[in-house]
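I have placed the structure first, in the form of structure tokens, so that the comments after it can refer back to it.
The values are calculated or read from the model by the stated rules, or taken from the named source; none is laboratory data. This one's a predicted model, so the numbers in the text were calculated from it and none came from an experiment. Positions of Cβ are generated from backbone atoms using ideal geometry, with glycine treated the same way; all protein chains shown enter the neighbour counts. Only protein heavy atoms, including side chains, enter the accessible area calculation; ligands, DNA and RNA are left aside. Shrake-Rupley method; radii C 1.70, N 1.55, O 1.52, S 1.80 Å.
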Amino acid sequence: QAALAELRTGARPEQIAQAQASVRTAEARQTELEVGLGKLDITAPREGLVDALPYRVGDQAPLGAPLAILLVGERPYARVYVPQPLRAGVAVGDRVRVYIDGREDASTGRVRSIRSEPSFTPYYALIGEDAARLVYLAEIDIDAAADARLPAGLPLRVEFGPAPALRPAVPSRD
């Protein structure tokens, strides 16, 4: 009977207000969930290949930690440490030879950057003989289109300076 009477006379204003408040609450909860879901989206700052995912599903990464390691750029590059005795002779733009482990021929490269501060500076290595232990981080762009698909992490060796002159092997008579 009461339901029939309500249908005939209409809903009370307080019931309408309660229903409107419930709708606003549901809309606010939906917005909150959409914002939370948006925070879970990971967008790379630029195009690249995913090289590694340091965390597994369910792991909680520390604040500011990388969630994916990307390989970016059109060509591979090498990070090498230049010993202090060679540092003065290495400049941005210099041509180098790159010997990649597992390949017989050397590739060519160009020094992209070299740090002006040593990567590790123990207090005793600032002067004297120990200064030769300092190293400077350099990045080398590897040329050759054939090297564009090199995997990351390959061991390599870089030779700085002009190509050594080839001398015929002559037995010594000393």
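Check Leu137: other-chain or 5+ apart residues with amide H under 5 Å from its amide H, H built from backbone geometry?
The list, which skips near neighbours in sequence, is Val82, Arg115, Ser119.
Of Val92, Val111, which has the most accessible area and how do the rest follow, probe 1.4 Å? Mind showing how you got there, number by number?
Values: Val92 90, Val111 0 Å².
The ordering from most to least exposed comes out as Val92, Val111.
With r defined as the distance between the Cβ atoms of Gln60 and Leu154 and R0 fixed at 45 Å, what FRET efficiency is calculated, to the nearest 0.05?
Calculated value: 0.90.
Calculated FRET efficiency, Arg103 and Arg46, Cβ-Cβ r, R0 35 Å, to nearest 0.05?
After rounding to 0.05, the efficiency reads 0.80.
Within region 40-92, what whole-number % of the accessible surface is contributed by carbon and sulfur, with the 1.4 Å probe and all protein chains included in the calculation?
Numbers: 2490 of 4550 Å².
Carbon and sulfur together cover 55 percent of it.
Figure the gain on full extension for Glu34 and Ala2 (residue separation times 0.36 nm, minus the Cα-Cα span) and round it to one decimal in nm.
On the way: separation 32, 0.36 × 32 = 11.52 nm, distance 4.03 nm.
Stretched out fully, the Glu34 to Ala2 stretch lengthens by 7.5 nm.
Tell me, what ³J(HN,Hα) does each residue in region 80-87 have, in order and in whole Hz, if you take phi through Karplus 6.51 cos²θ - 1.76 cosθ + 1.60 with θ = phi - 60° and put x for Gly and Pro?
10, 9, 8, x, 3, x, 8, 4
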